[in-house]
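Visitor: This is the structure, below, for whatever I ask next.
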Amino acid sequence: RGDSQDYDREVKSVCPYCGVGCQISFKVKDNKIKYVEGINGPANEGRLCVKGRFGFDYIAHGHRLTKPLIRREDAPEKGLNVDPANLGTHFREATWDEALDFAAKGMRGRGKEIAGFGSAKCSNEEAYLFQKMIRQGFGHNNVDHCTRLCHASSVAALLENVGSGGVTASFNEIKNADAAIMIGCNPLENHPVAATYFKQFAKRGGKLIVMDPRGQGMKRYASHMLQFKPGADVSMLNGIMNVIVEEGLYDQQYIEAYTENWPAMKEHLKQFTPEKMAEICGIEAEVLRDVARTFASAKAGMIFWGMGVSQHIHGTDNSRCLISLALMTGHVGRPGTGLHPLRGQNNVQGASDAGLIPMFLPDYQPVSDDGVRSAFTDVWKSPDFSNQKGLTVVEIMDAIHAGDIKGMYILGENPAMSDPDVEHARHALAKLDHLVVQDIFLTETANYADVILPSSAWAEKTGTVTNTNRQVQMGRPVVSPPGDAREDWWIEVELAKRLGLDWGYTHPREVFAEMKLNMASLDNITWDRLEQSAVTYPSLSEDDPGQDIVFGDGFPRPEGRAKFTPASVIAPDERPDTEYPFVLITGRQLEHWHTGSMTRRASVLDAVEPEANCSMHPRTLRRMGIEAGDTIRLTTRRGSVRVMVRADRAVAEDNVFLPFAYVEAAANILTNPALDPFGKIPEFKYSAVRIEKDSDA
Ligand code: SF4
């Protein structure tokens with residue numbers, strides 16, 4: 001960074017990376033970002049992490065797409081074979097008119113043969129337009145995005161049991177808590193600014209209960225560290241709840257006033273004694289008892305969770321347990337209490353709210369409800385569309401293989417890296433007879449495109465974004481897009497026009513105004529207010545900055561009551577055996593974000609973590625005659641990758657942790673596509689794997 005002389009312009013916006021939603025001041029000179037500073041946003045109060053502070057120069061990377069591209073007729077076969085620095089043998093440059101006409105021609109009139117993936121990296125308005133295009137333009141609901149791969153199971157459980165998919169309290173509320181459970185999340189790496197609040201909580205004496213099959217940095221701040229066996233979440237949580245019931249530690253008054261199905265829950269929990277559960281989850285019965293007493297006796301307790309909870313075939317059951325734990329202890333709806341699934345991408349909350357999901361229209365209103373659909377078609381001035389839930393991310397790939405889907409529009413998502421069993425997804429993309437990709441880089445997915453529409457990075461566009469706390473914030477253009485690249489909303493409008501949809505929007509604020517017509521969550525939130533400051537939904541009046549804590553006086557469910565849904569123990573889909581004796585866990589690293597398309601092109605971040613790596617316990621390595629720094633081969637039933645191994649005592653013995661940001665060792669070549677039946681989320685957090693020292697190394 002420099003001093004005040006180093007820039008001639010300052011633009012206030014939001015970080016493009018994780019769901020914390022830190023507000024940033026960009027310092028700009030000659031249409032280039034010189035450096036950034038954290039400013040006083042509600043979620044970050046001036047703080048930034050390494051990604052927010054140093055991860056912005058991907059915007060000016062030489063790989064940026066600057067012209068619309070159409071696949072050449074004489075291009076080599078589709079595959080991961082395009083060099084971003086030399087596109088010419090595969091694609092030819094086109095004008096916007098030619099590229100948009102070509103994109104629309106391949107989609108027009110094809111109804112259910114077309115599916116769409118929108119993006120949690122785009123604005124709320126862009127997400128809304130995307131789902132509108134699929135529903136209005138093609139008459140069905142085959143539209144989804146990466147929420148399916150991160151918190152779909154959490155949302156399924158929250159909607160089922162508390163009647164709303166968002167968090168019940170901001171993470172900053174931990175300042176008023178005296179106990180907190182953090183399970184299946186690693187905030188120091190994935191939500192680093194949120195982690196600063198969690199550390200402060202622990203330093204002032206709050207009881208921090210960390211539960212994670214992998215050791216992690218927050219262990220240093222924890223009063224209890226439960227390094228349980230992968231996949232044993234339900235056993236452990238039921239064991240804890242059994243103690244709360246058996247020792248009478250539950251909040252009878254709260255349960256009677258605000259919940260239903262308690263007798264069945266109590267009965268169900270009897271079988272999960274801590275002794276029995278200790279054998280399954282690997283945590284001693286006495287520790288389960290101590291955690292139960294600590295959390296239940298707290299005056300105010302919060303529960304945070306991440307994808308370690310959600311990315312299992314029993315992900316919805318995991319979240320059901322966490323919801324039940326909060327309800328039975330009365331830790332919802334008061335200061336310092338709440339349920340908070342930490343959201344991954346900067347706008348995964350907003351994109352889901354905006355209806356970028358196959359079963360819900362905006363504000364989680366079911367597509368099956370005739371009244372709901374007609375409220376939208378009235379505003380859209382268009383005929384009715386299907387009342388059937390659409391296909392989800394993994395189901396869409398299966399439908400391509402089955403020949404049911406033949407064309408796709410993919411905006412800002414990278415399924416050729418992010419889907420489970422990714423070779424299956426890559427083959428599906430190659431099979432499509434028309435693939436439109438809209439992105440800022442030639443992503444792995446764009447390798448398979450028939451037409452590529454160059455779009456804008458977050459710091460090049462106008463639009464609102466909603467963070468993990470339900471805070472809606474304004475994103476502003478800091479610099480101009482390169483070459484002929486355009487804002488995503490503009491591309492959507494132009495493409496829609498060629499599909500026969502005359503939307504006529506001239507600015508995202510008009511889209512936001514339309515969203516408000518059928519989204520009660522945006523009541524009292526206006527574009528003009530957002531120009532001034534963030535507003536949390538729900539906002540009760542035009543002066544109300546919004547409700548950080550919700551459900552203090554009941555839930556948006558029948559009779560205002562939340563529900564206990566008992567969960568039984570379900571083993572992971574595949575278990576280690578003699579052929580695949582280890583457990584593979586995938587996840588993220590501090591410096592890299594998701595499939596790496598941005599952070600691996602951010603010079604500082606990539607300099608810190610330049611090489612694909614995995615981590616194993618030193619004892620396991622010693623036993624296998626492998627040294628830290630060796631290249632090893634990881635093989636599952638789906639495929640094989642070569643990767644450098646690090647020694648890390650945080651990883652349990654006989655486990656291996658592999659980040660998923662590296663295309664050269666794509667973790668998802670290995671992962672299991674088995675789905676949670678409710679959230680339809682794949683089991684990224686558990687695969688049986690074989691490990692060998694690589695003979696080619
Ligand atoms: Fe950006 Fe998240 Fe880091 Fe904040 S914590 S600076 S939102 S990556």
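Visitor: Is it the case that residue 215 is touching a strand residue (DSSP E or B) at 6+ places or on another chain (Cβ under 8 Å), under 24 Å from residue 311 (Cβ atoms) and surrounded by fewer than 24 Cβ atoms within 10 Å (Cβ to Cβ)? Show your work before the answer.
Guide: Values: touching a strand residue (DSSP E or B) at 6+ places or on another chain (Cβ under 8 Å): yes; under 24 Å from residue 311 (Cβ atoms): yes; surrounded by fewer than 24 Cβ atoms within 10 Å (Cβ to Cβ): yes.
When the stated conditions are applied, residue 215 passes them.
Visitor: Test each condition in (1) at negative phi; (2) more than 24 Å from the chain's Cα centre (by Cα); (3) surrounded by fewer than 21 Cβ atoms within 10 Å (Cβ to Cβ) for residue 654 and report the one that comes out false.
Guide: Going through (1) at negative phi; (2) more than 24 Å from the chain's Cα centre (by Cα); (3) surrounded by fewer than 21 Cβ atoms within 10 Å (Cβ to Cβ) one by one, residue 654 breaks only (1).
Visitor: Sticking with this structure for a sec: Pick from region 65-97 the residues that are part of a strand (DSSP E or B) and open to solvent by 50 Å² or more (accessible area, probe 1.4 Å): which of them is nearest to the ligand (Cβ to nearest atom)? Full working, then the answer.
Guide: Kept after step one, since they are part of a strand (DSSP E or B), are these residues of region 65-97: 69-71, 83, 86, 91-93.
Still in the list and also open to solvent by 50 Å² or more (accessible area, probe 1.4 Å): 83, 86, 92-93.
Details: 83: 29, 86: 32, 92: 37, 93: 34 Å.
Among them, the one singled out is 83.
Visitor: Something else about it: Looking at the structure I just gave you, is residue 228 more than 16 Å from the ligand (Cβ to nearest atom) and crowded, with 21+ Cβ neighbours inside 10 Å? Break it down stepwise before answering.
Guide: Details: more than 16 Å from the ligand (Cβ to nearest atom): yes; crowded, with 21+ Cβ neighbours inside 10 Å: yes.
Here the answer is yes, as residue 228 does meet what is asked.
Visitor: Of the numbered conditions (1) within 12 Å of the ligand (Cβ to nearest atom); (2) in a strand (DSSP E or B); (3) not β-branched (Val, Ile, Thr), residue 16 satisfies every one except a single condition; which is it?
Guide: Result: residue 16 fails condition (2) only.
Visitor: Let me ask something else about it. Within region 497-514, can one find any residue that is more than 24 Å from the chain's Cα centre (by Cα), more than 16 Å from the ligand (Cβ to nearest atom), over 15 Å from residue 354 (Cα atoms) and part of a helix (DSSP H, G or I)?
Guide: Checked against the condition, which is being more than 24 Å from the chain's Cα centre (by Cα), more than 16 Å from the ligand (Cβ to nearest atom), over 15 Å from residue 354 (Cα atoms) and part of a helix (DSSP H, G or I), region 497-514 yields at least one hit.
Visitor: Sticking with this structure for a sec: Kindly provide the set of residues from region 637-659 that are assigned to a loop (DSSP other than H, G, I, E, B) and either under 18 Å from residue 421 (Cα atoms) or not hydrophobic (A, V, I, L, M, F, W, C) (or both), ordered by number.
Guide: 637, 638, 639, 648, 649, 653, 654
Visitor: Can you list residue pairs whose Cβ atoms sit under 9 Å apart, with the first residue in region 17-32 being in contact (Cβ under 8 Å) with a residue 60 or more places away in the chain and more than 21 Å from residue 6 (Cβ to Cβ) and the second being near the ligand (Cβ under 6 Å from one of its atoms) and open to solvent by 20 Å² or more (accessible area, probe 1.4 Å)? Count only pairs 6 or more apart in sequence or on different chains.
Guide: 17/49; 18/49; 20/49; 22/48; 22/49
Visitor: Pairs, please: C-beta under 6 Å, at least 6 apart or cross-chain, first residue within 16 Å of residue 354 (Cα to Cα) and in region 518-534, second modelled with pLDDT under 95 and surrounded by fewer than 16 Cβ atoms within 10 Å (Cβ to Cβ)?
Guide: Correct list of pairs: empty, since none qualify.
Visitor: So residue 182 fits all but one of (1) in a helix (DSSP H, G or I); (2) within 16 Å of the ligand (Cβ to nearest atom); (3) under 27 Å from residue 617 (Cα atoms); what number is the exception?
Guide: Condition (1) is where residue 182 drops out.
Visitor: Okay, moving on. How many residues does region 306-345 hold that are of a type in the set (D, E, K, R) and within 18 Å of residue 258 (Cα to Cα)? Step through it out loud before you land on a result.
Guide: Taking region 306-345 first, the residues of a type in the set (D, E, K, R) are 317, 320, 334, 343.
Subset that is within 18 Å of residue 258 (Cα to Cα): 320, 334.
Here the count works out to 2.
Visitor: Then there is this: Which residues, taken from region 277-301, are closer than 15 Å to residue 224 by Cα, aliphatic (A, V, I, L, M) and not in a loop (DSSP other than H, G, I, E, B)?
Guide: 285, 287, 288, 291, 292, 296
Visitor: Check region 464-475 and report whether any residue there is more than 21 Å from residue 350 (Cβ to Cβ) and touching a residue at least 60 places away in the same chain (Cβ under 8 Å). Give the derivation first.
Guide: Pass one, region 464-475, residues more than 21 Å from residue 350 (Cβ to Cβ): none.
There is no residue in region 464-475 that is more than 21 Å from residue 350 (Cβ to Cβ) and touching a residue at least 60 places away in the same chain (Cβ under 8 Å).
Visitor: Consider region 386-407. How many of its residues are part of a loop (DSSP other than H, G, I, E, B) and surrounded by fewer than 20 Cβ atoms within 10 Å (Cβ to Cβ)? Let's see the steps before the verdict.
Guide: Residues of region 386-407 that are part of a loop (DSSP other than H, G, I, E, B), as a first pass: 386-392, 402-406.
After this cut, where a residue has to be surrounded by fewer than 20 Cβ atoms within 10 Å (Cβ to Cβ) as well, the list is 386-389, 402-404, 406.
Qualifying residue count for the region: 8.
Visitor: A further question follows. In region 23-36, which residues are open to solvent by 10 Å² or more (accessible area, probe 1.4 Å) and within 11 Å of the ligand (Cβ to nearest atom)?
Guide: The one that is open to solvent by 10 Å² or more (accessible area, probe 1.4 Å) and within 11 Å of the ligand (Cβ to nearest atom): 23.
Visitor: For region 580-597, state whether one or more residues are in contact with a Phe, Trp or Tyr (Cβ under 6 Å, 6 or more places away or on another chain) and more than 16 Å from the ligand (Cβ to nearest atom). Before the answer, list the steps.
Guide: Residues of region 580-597 that are in contact with a Phe, Trp or Tyr (Cβ under 6 Å, 6 or more places away or on another chain), as a first pass: 585-586, 593, 597.
In the following step, the residues that additionally are more than 16 Å from the ligand (Cβ to nearest atom) were identified as 585-586.
Scanning region 580-597, I find at least one residue that is in contact with a Phe, Trp or Tyr (Cβ under 6 Å, 6 or more places away or on another chain) and more than 16 Å from the ligand (Cβ to nearest atom), so the answer is yes.
Visitor: Follow-up. Applying the selection to region 598-636, what residues are part of a loop (DSSP other than H, G, I, E, B), without any contact (Cβ under 8 Å) to a residue 60 or more places away in the chain and within 16 Å of the ligand (Cβ to nearest atom)?
Guide: Looking only at region 598-636, we keep the residues that are part of a loop (DSSP other than H, G, I, E, B), and these are 598, 602, 609-612, 617, 624-630, 636.
Within this subset, residues satisfying the condition of being without any contact (Cβ under 8 Å) to a residue 60 or more places away in the chain are 609-612, 617, 627-629, 636.
Within region 598-636, just 609 meets the criteria.
Visitor: If the requirement is being among the small types (Gly, Ala, Ser), within 30 Å of residue 228 (Cα to Cα) and crowded, with 19+ Cβ neighbours inside 10 Å, which of these qualifies: 615, 568? Walk me through it before giving the result.
Guide: Numbers: 568 fails: crowded, with 19+ Cβ neighbours inside 10 Å.
None of the others qualify; the one that does is 615.
Visitor: While we're here: Which numbered condition trips up residue 559, out of (1) part of a loop (DSSP other than H, G, I, E, B); (2) surrounded by fewer than 16 Cβ atoms within 10 Å (Cβ to Cβ)?
Guide: Evaluating residue 559 over (1) part of a loop (DSSP other than H, G, I, E, B); (2) surrounded by fewer than 16 Cβ atoms within 10 Å (Cβ to Cβ) leaves (1) as the failure.
Visitor: Among the residues of region 522-541, which ones are out of contact with any helix residue (DSSP H, G or I) (no Cβ under 7 Å at 6 or more places or on another chain) and open to solvent by 40 Å² or more (accessible area, probe 1.4 Å)? It would help to see each step written out before you state the result.
Guide: The first filter runs over region 522-541 and keeps only residues out of contact with any helix residue (DSSP H, G or I) (no Cβ under 7 Å at 6 or more places or on another chain), leaving 523-526, 528-534, 536, 539-541.
Hits for region 522-541 are 523, 524, 526, 528, 529, 531, 532, 533, 540, 541.
Visitor: Assigned to a helix (DSSP H, G or I), within 12 Å of the ligand (Cβ to nearest atom) and in contact with a strand residue (DSSP E or B) (Cβ under 7 Å, 6 or more places away or on another chain): does that describe residue 47? Spell out how you get there, then give the answer.
Guide: Values: assigned to a helix (DSSP H, G or I): no; within 12 Å of the ligand (Cβ to nearest atom): yes; in contact with a strand residue (DSSP E or B) (Cβ under 7 Å, 6 or more places away or on another chain): yes.
Criteria not met by residue 47.
Visitor: Can you tell me which residue among 633, 649, 637 is surrounded by fewer than 20 Cβ atoms within 10 Å (Cβ to Cβ) and either in contact with a Leu (Cβ under 8 Å, 6 or more places away or on another chain) or under 25 Å from residue 600 (Cα atoms) (or both)? Give the steps one after another, and end with the answer.
Guide: Values: 649 fails: either in contact with a Leu (Cβ under 8 Å, 6 or more places away or on another chain) or under 25 Å from residue 600 (Cα atoms) (or both); 637 fails: either in contact with a Leu (Cβ under 8 Å, 6 or more places away or on another chain) or under 25 Å from residue 600 (Cα atoms) (or both).
Every option except 633 fails the conditions.
Visitor: Here's a follow-up. Out of region 108-165, which residues are in a loop (DSSP other than H, G, I, E, B), charged (D, E, K, R) and surrounded by 23 or more Cβ atoms within 10 Å (Cβ to Cβ)? Quick ask: steps written out before the conclusion?
Guide: Of all residues in region 108-165, those in a loop (DSSP other than H, G, I, E, B) come to 108-110, 118-123, 139-142, 145, 150-151, 162-165.
Those left that are additionally charged (D, E, K, R): 108, 110, 121.
Residue satisfying the conditions is 121 alone.
Visitor: Go over the candidates 324, 310 one by one and state the one that is open to solvent by less than 10 Å² (accessible area, probe 1.4 Å), under 30 Å from residue 127 (Cα atoms) and of a type in the set (Gly, Ala, Ser). Break it down into steps so the answer makes sense when it comes.
Guide: Numbers: 324 fails: under 30 Å from residue 127 (Cα atoms).
Answer to the check: 310.
Visitor: In region 50-64, which residues are more than 7 Å from the ligand (Cβ to nearest atom), assigned to a helix (DSSP H, G or I) and touching a helix residue (DSSP H, G or I) at 6+ places or on another chain (Cβ under 8 Å)?
Guide: 50, 54, 57, 58, 59 - these are the residues of region 50-64 that are more than 7 Å from the ligand (Cβ to nearest atom), assigned to a helix (DSSP H, G or I) and touching a helix residue (DSSP H, G or I) at 6+ places or on another chain (Cβ under 8 Å).
Visitor: Can you name the condition, by its number, that residue 199 falls short on among (1) surrounded by fewer than 23 Cβ atoms within 10 Å (Cβ to Cβ); (2) away from the ligand (no atom under 16 Å from the Cβ); (3) at pLDDT 95 or above?
Guide: (2)
Visitor: Test residue 378 against the stated conditions and say whether it is open to solvent by 50 Å² or more (accessible area, probe 1.4 Å), part of a helix (DSSP H, G or I) and within 14 Å of residue 132 (Cβ to Cβ).
Guide: In short, yes.
Visitor: Within region 242-274, track down each residue that is more than 17 Å from residue 295 (Cβ to Cβ), open to solvent by less than 50 Å² (accessible area, probe 1.4 Å) and of a type in the set (Phe, Trp, Tyr).
Guide: If the condition is that a residue be more than 17 Å from residue 295 (Cβ to Cβ), open to solvent by less than 50 Å² (accessible area, probe 1.4 Å) and of a type in the set (Phe, Trp, Tyr), then 262 is the only one that fits.
The values are calculated or read from the model by the stated rules, or taken from the named source; none is laboratory data. Since the structure is predicted, the reported quantities are computational estimates derived from the model, not experimental observations. Heads up, the Cβs are rebuilt from the backbone with ideal geometry, glycines too, and the neighbour counts pull from every protein chain shown. These accessible areas exclude ligands, DNA and RNA; they are computed on the full protein's heavy atoms, side chains included. Shrake-Rupley method; radii C 1.70, N 1.55, O 1.52, S 1.80 Å.
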